[in-house]
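Participant: Here it is, the structure in full.
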Ligand SMILES: C[S@@+](CC[C@H](N)C(=O)[O-])C[C@H]1O[C@@H](n2cnc3c(N)ncnc32)[C@H](O)[C@@H]1O
């Protein structure tokens, strides 16, 4: 009898464990929902208040910065915190380059880049918020800058001409793309054959950088998210106080299978 009770107890434990362990191919827990349109993405009920509840490659996507916060992009302390001239110099731009400033906001960087590439170059200032593009135009008008072109993108596509861009620059924006995979696919398409792409993100590796976690990215995470695309890592620039600049160039090599 004792033996029988032991066996039943053992079977009950196995059954209970089995119910907690998901079978292969099933969602790992009931809080996780797979995006039916693109199963690379998942949604979780439990998530950070700074994020949208959508996850990509282990990272939660942050909320988009609304245009009502645009004043923050023009704050004078950016000179010290982000050293815009150091960043632009480190990108080694040439006169006549075509630069895509994706997530251009009010044009804080686009205006400065416009001077470096000169009248023969063009900055395509892409944003998904028409209100940001209005602020961009206003700021350009005040300074008489003619070589920055505002472009209204979508959440999946920056709407740039194919094979036209020397450098696609994403300053403090990639972490808030709602569709990072599609955005990188379309940005790669817009790059010239030897074009570059630069991720400028607050360093996740540095706990002293006073920015919310979801608005920071580690170098490893950027490498991971670039890996499905025809991109080859070129360099990581560490000249800025709080951000790293992770640069890739477009290759013809087939990307890693996901
Ligand atoms: C935090 S702001 C940074 C603005 C600018 N890069 C700067 O550093 O001054 C992010 C901007 O990216 C835009 N954005 C978010 N997702 C985007 C997408 N998929 N394509 C283009 N712009 C996007 C937002 O509308 C917002 O204006």
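The numbers here are math on the coordinates, done by the rules we state, and not lab data. Keep in mind that this is a model prediction, so the values were computed, not measured. In this analysis, Cβ positions are derived from the backbone assuming ideal geometry, glycine residues included, and neighbour counts consider all displayed protein chains.
Participant: Pick from 183, 57, 170: which is most flexible by mean-square fluctuation in a GNM of the chain where alpha carbon atoms under 10 Å apart are linked?
Facilitator: Checking each option, the largest mean-square fluctuation is seen for 57.
Participant: Please sort 43-55, 148-160 by packing, taking for each peptide the average over its residues of neighbouring beta carbons within 10 angstrom, highest first.
Facilitator: Sorting 43-55, 148-160 by mean packing, highest first, produces 148-160, 43-55.
Participant: Quick check: Cα centre of region 49-106 to Cα centre of region 142-195, how many Å?
Facilitator: Region 49-106 and region 142-195 have Cα centres separated by 12 Å.
Participant: Residues of region 76-109 with amide nitrogen under 13 Å from the 7 Å Cα-to-Cβ point of residue 163?
Facilitator: The answer is none, because no backbone nitrogen lies closer than 13 Å to the label point.
Participant: Quick one: among 168, 239, 100, which has the greatest mean-square fluctuation in a GNM of the chain with alpha-carbon springs under 10 angstrom?
Facilitator: 239
Participant: Let me ask you something else. Quote the FRET efficiency, to the nearest 0.05, computed for residue 74 versus residue 152 with a Förster distance R0 of 25 Å and r equal to the Cβ-Cβ distance.
Facilitator: 0.75
Participant: Using Cα atoms only, what is the angle between the long axis of helix 180-190 and the major principal axis of the chain, expressed in degrees (0 to 90) to the nearest 10?
Facilitator: The answer is roughly 40 degrees.
Participant: Under the Kirkwood approximation applied to all pairs of distinct alpha-carbon atoms, what is the hydrodynamic radius of the chain in Å?
Facilitator: 20.2 Å
Participant: Pairing the Cα long axis of helix 108-117 with the longest principal axis of the chain, what angle in degrees results, from 0 to 90 and rounded to the nearest 10?
Facilitator: Computed tilt is about 50 degrees.
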